[in-house]
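Asker: One structure, as C-alpha cells, below. Some questions next.
The values are calculated or read from the model by the stated rules, or taken from the named source; none is laboratory data. Quick caveat: nothing in here was measured; it's all calculated off a predicted structure. Quick reminder, even Gly has a Cβ in these numbers, built from the backbone with ideal geometry, and neighbours come from all protein chains shown. With ligands, DNA and RNA removed, areas are computed over all heavy atoms of the protein, side chains included. Shrake-Rupley method; radii C 1.70, N 1.55, O 1.52, S 1.80 Å.
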Amino acid sequence: MNRRTVLALALLSAAFTSAGSQMGLTQSDLLTGTWKLNLEKSKFSPGPPPKSQTLNFQRVGQDLQNTADTIDAQGQASKIVFMHIYDGKPHPTTGNPLFDATTYTRVDDHHVKWVRSKADKPIQTGSNEISAEGKTFTVSTEGVGANGQPISSVAVYDRQ
C-alpha cells in the first residue's frame, strides 16, 4: 500500500471509531429529558390511575436520576426520586413509603429489568422499555401496592 492509501484508511478508521463512540453515547442517553404519562395508552389495576405524571431524567455523572412528579386520583401531589444505576445492586429511592430502594439491570439499550424493595424485601418487579424511535417509554409493574393489595400496571409515556 502506498502512503496515501494508508493515511486514508487511518482517517476512515478514526472517523468510524468516533462515530461509534458517539452512537454509544446517544443510545445510553435515550431516556434523558421529560416524559408525560399517556393515560389513554396506560392500564392500572386496580385503578384509579393518577390524574397526571411527569418523569424527568437527568444525567448525574455516569448515572441517571429520574424524578417522578405525580398528581394522584384524589389530587394529591407526590415526588419520587429514582437513581438509575445499572449495576444490579439496590440504590436508594426516596418519596414513596412502599419502597426505599430500586435495583436496575440493563438488558440492552432499550430494555431494563428492575426490583423495588423495602428493607431488602422485594415489593415490586418490572421492566422499562424505550421504543426504537425513542418517542415512547413503557414501564410495566407487578407486585404489591398500598394496603398490601396486588397491582399490575403498564404505564406509557410520551417524550416531550
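Asker: Just give me the residues in segment 17-43 being open to solvent by 70 Å² or more (accessible area, probe 1.4 Å) and either modelled with pLDDT under 95 or assigned to a helix (DSSP H, G or I) (or both), in sequence order.
Answerer: Within segment 17-43, 17, 21, 22, 23, 25, 26, 27 meet the criteria.
Asker: A follow-up question, please. What single numbered condition from (1) surrounded by 14 or more Cβ atoms within 10 Å (Cβ to Cβ); (2) part of a strand (DSSP E or B); (3) not polar (S, T, N, Q) fails to hold for residue 98?
Answerer: Checking residue 98 against (1) surrounded by 14 or more Cβ atoms within 10 Å (Cβ to Cβ); (2) part of a strand (DSSP E or B); (3) not polar (S, T, N, Q), the one that fails is (2).
Asker: Mind listing whichever residues of segment 104-117 are open to solvent by 30 Å² or more (accessible area, probe 1.4 Å) and either touching a residue at least 40 places away in the same chain (Cβ under 8 Å) or of a type in the set (Ser, Thr, Tyr) (or both)?
Answerer: Of everything in segment 104-117, those that are open to solvent by 30 Å² or more (accessible area, probe 1.4 Å) and either touching a residue at least 40 places away in the same chain (Cβ under 8 Å) or of a type in the set (Ser, Thr, Tyr) (or both) turn out to be 105, 109, 110.
Asker: The conditions are (1) closer than 14 Å to residue 33 by Cβ; (2) touching a strand residue (DSSP E or B) at 6+ places or on another chain (Cβ under 7 Å), and residue 82 fails exactly one of them. Which is it?
Answerer: (1)
Asker: Okay, next question. Name the one entry in 50, 92 that is within 15 Å of residue 155 (Cα to Cα), without any contact (Cβ under 8 Å) to a residue 40 or more places away in the chain and touching an Asp or Glu at 6+ places or on another chain (Cβ under 8 Å).
Answerer: Criteria check complete, one pass: 50.
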